[in-house]
Structures are given as structure tokens and as C-alpha cells.
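First the structure, in the form of C-alpha cells, and then the observations on it.
A short reminder: the numbers here are calculations on the coordinates, not readings from a lab. These numbers come from a predicted model, not from an experiment.
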Amino acid sequence: MTSRAGFNQNREPVRKFCRRENPPNLIAQTIKRRLTCLMKTIAKWRGLRNARAICAALAAIFLIGCATHRIDWSARVGNYTYDQAVLELGPPDKHAELQDGTIVADWLTNRGRIYSYPAQYEGYPYWRPYSSAPAVVDSPDYYLRLTFGPDHRLKSWKKFAR
């Protein structure tokens, strides 16, 4: 418990952050240390006895939010229909029906972005830009192409960037 804001009972300042060095490439240990530090900080701030439960709930929410569902398109070949794709992915961005009844449809999975970095400056005492124009970097759009046969069943799939 704290007697005054920012100090513990021994009148020592309460550390706001955990300042341990994290070993490289040990993600699990880093997460464990940060959760332990967060737990201690919450316990010091509020005097809570259930800081471990609060931290576990926060970690669970964080991990559930980061979980992604990867689709195994190879397993769906021959079983997946065009109607199921439209229901699951929405209408395709582009599609074409060939003369033999084959449907080729493209869905946008990730929109490309444009990044702009300002001109970089030399150090003190000059403080002048050594790059005449800002750097502009763009990334492509990523698509999923599904090809359906005349029976409207998935024949092949491909991911590509444009």
C-alpha cells in the first residue's frame, strides 16, 4: 500500500517501469517478465490481491485478439463451391467466366500502403538535409485468385501481389 502518491511505506519512490534487460530471442521470457512487472505495478498502485487474475485476463484478451485463422486452400480444392466463397469472402473484386464455364475470381486480401519518410538531416552544427526529397515507399496490393470449374467447384487457388 502507498502512503503518498508515488512512494511506498518506506518512503522509497515506486518504480513506474520494469527496467530489466530482456534476453534476445526469448519472447516467452520477455512476456513473462513484463506480465510480472505489470502485476507488481498494479499491486503497488491499488493494493490489489488479485493482480495475478487481472494480468492473466489481460494476457488472455491480448492473445485471443492476436489469434488468426489460416485457411488451408489445398484442402478445399474439389470441395469448395463458388457460392460458399461468395458467402465467406463477399463478392469478388474481379471475376470472369470463360467459354468453357470456368470462373476465375480475385479477392483483395491486403491493401497496399504508401509510406513517406521526411528528408533526413545532418547533425549539429549544420542541421541541413542531406536528401533533397522525402523517400516514398509503396507496397503492393495482395490478392487471392480462386479458379472454379464448370461444376462451380474449386479447381485451383493462388496468392499474388499486384
Legend entry - Extended-chain gain in nm, criterion 0.36 nm per residue less alpha-carbon gap, Leu87 and Ile31: 16.3 nm
Inset, instruction - Figure the gain on full extension for Thr147 and Leu108 (residue separation times 0.36 nm, minus the Cα-Cα span) and round it to one decimal in nm. - result: 12.6 nm
